[in-house]
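Notes to accompany the following structure.
The values are calculated or read from the model by the stated rules, or taken from the named source; none is laboratory data. On a predicted model such as this, the values are computed, not experimentally measured, just so you know. Here the Cβ is made from the backbone with ideal geometry for all residues, glycine too, and neighbour counts use every protein chain on show. Heavy atoms of the whole protein, side chains included, go into the accessibility calculation; ligands, DNA and RNA do not. Shrake-Rupley method; radii C 1.70, N 1.55, O 1.52, S 1.80 Å.
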Amino acid sequence: MAVSTGAIVLAAGKGTRMKSAQAKVLHQIFYRPMLRHVLDAALAAGLEQIAVVVGHQQEAVQAVLSDLPVKTVLQAEQRGTGHAVLCAEAACAGLDQILILCGDTPLIRAETLAAMLAQHQTEQPALTLMTTTLPQPFGYGRILRSATDEVQAIVEEKDAGEEERAISEINAGIYIADAAFLFAALAQVGTDNSQGEIYLTDIVAIARREGRRVQAFVHQEAMDVLGVNSRVELAQAEVALQERRNLELMRSGVSMLCPHTTRVAPGCTIGQDSILHGRVSIEGASSLGPGCVVEQGVVLRDCRLGTAVRIGANSVLIGRHVADGAEIAPLSRSL
């Protein structure tokens, strides 16, 4: 019998550490709001239905989701991650298992989610949680394991003792749970903690108390699963996504003379044997045919280049169609 799997994406918080009037999940990272990166990964992993929990600036958040096949549910009062999941219970009716994600993890990969889902399907525990290790885990929930290395509980930073804070394995905030167990467990969670909130993490201890299996999916690349909580982390995520995109293009046959200064938006196509010099920016719906050369400092937006086109240094072109073999002089402007 087929198992139906959906997702809940938590996107209701303010993100006060961003020091911004804008909701955290709406901050732009590599050409799109960070929430869109999370949803792109979830959709690419094949989730059948996705509920996004909104709250702070709900209308603005809903606006950036209007073209996606997702539902939105309102968490009118932010009372913790467990409460946010409870708000999505009706939207998850009919699902057998639920993947829970945070909307501020834009580096999560579809293949990572697919691997976690595959492990959960094979092992069939009540709950799988993703973990990773950090040399400096301050601020993250720590994973407590038994003498037999089984996951026992998660303790939040503010509730952790000195010995617990020394643990380097942290909760990545991504879970897969049996739907019936998830909502039944959350109904038991109280608010007896330093924040006075309903912690989603408490379902681990509840599962253990009920004799249910809890499994960890250990992801070795910590950067992929860490949340963005500050402008510094926003910049780090931007660099990581730019690097991923450039590696993808170079592996497909595109040369980059200075990859760390080259930006190519996700929707753009670059033909094989094209050469991109440094400080190049290619955006919008741009496409380049095979064998193009884009010299240093060029900006292309919504441009279509034929085969073997050469764009001279420091040119800025917007909405141009350039024929095969054409050469655009340096410092050209077409705005």
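Look at where the Cα atoms of the range 192-215 and of the range 114-129 average out, and the two centres are 18 Å apart. According to the square roots a ≥ b ≥ c of the eigenvalues of the Cα gyration tensor, what is the shape class of the range 89-175, taking rounded for a/c under 1.5, prolate for a/b larger than b/c otherwise, and oblate for the remainder? Prolate shape, in that a/c is at least 1.5 and a/b is the bigger ratio. Judged by the mean number of other Cβ atoms found within 10 Å, the most tightly packed of the peptides 327-334, 79-86 leads the ranking 79-86, 327-334. Using the Cβ-Cβ distance between Ser146 and Glu327 with R0 set to 56 Å, the FRET efficiency works out to roughly 0.25. The calculated FRET efficiency for the pair Gln296 and Ser252, based on their C-beta separation and a Förster distance of 25 Å, comes to about 0.70.
Positive-end ranking of Cys87, Thr201, Leu65 along the dipole of the chain, with charges on Cβ about the Cα centre, is headed by Leu65. A straight line joining the Cα centroids of the range 39-102 and the range 1-33 runs 9 Å.
Report the FRET efficiency, 1/(1 + (r/R0)^6), for Glu210 and Ser66, where r is their Cβ-Cβ distance and R0 is 41 Å, rounded to 0.05.
Values: r = 40 Å, r/R0 = 0.99.
Working from the Cβ atoms, E equals 0.50.
Taking the Kirkwood radius as Rh and the Cα radius of gyration as Rg, the range 197-335 has a ratio of Rg/Rh equal to 1.25. Straight-line cross-link reach from Lys158 at under 24 Å between alpha-carbon atoms covers these lysines, not counting any fewer than eight positions away in the same chain: Lys14, Lys19, Lys24.
Relative protection proxy for 64-74, 169-179, 225-235, 43-53, from highest mean packing down: 169-179, 43-53, 225-235, 64-74 (other beta-carbon atoms within 10 angstrom). Between the range 160-188 and the range 298-332, how many Å separate their Cα centres? Between the Cα centre of the range 160-188 and that of the range 298-332, the gap is 52 Å. Label-to-label distance, Leu335 versus Ser4, with points set 7 angstrom from Cα along the beta-carbon direction: 5.4 nm. In the full protein context, the range 88-214 carries 44 Å² of accessible surface per residue, based on a 1.4 Å probe and ignoring ligands, DNA and RNA.
Surface composition of the chain: carbon plus sulfur atoms hold 50% of the accessible area, using a 1.4 angstrom probe and ignoring ligands, DNA and RNA.
If you put +1 on each Lys and Arg Cβ and -1 on each Asp and Glu Cβ, how big is the dipole of the range 179-269 around its Cα centre, in Debye rounded to 20?
On the way: 9 positive and 10 negative charges, 53 e Å.
Taking the Cα centre of the range 179-269 as origin, the dipole is about 260 debye.
Assign unit charges at the C-beta atoms only (+1 for Lys and Arg, -1 for Asp and Glu), then state the dipole size of the chain relative to its Cα centre in Debye, rounded to the nearest 20.
On the way: 28 positive and 36 negative charges, 212 e Å.
My answer is approximately 1020 debye.
Please name which of Ala42, Thr16, Leu247 has its Cα lying farthest along the dipole of the chain towards the positive end, using unit charges on Cβ (Lys, Arg +1; Asp, Glu -1) and the Cα centre as origin. Farthest towards the positive pole: Leu247. Length gained on full extension, Arg279 to Thr191: 26.5 nm, using 0.36 nm per residue less the C-alpha separation. Think of each Lys and Arg Cβ as +1 and each Asp and Glu Cβ as -1; about the Cα centre, that makes the dipole of the range 1-85 roughly 380 debye.
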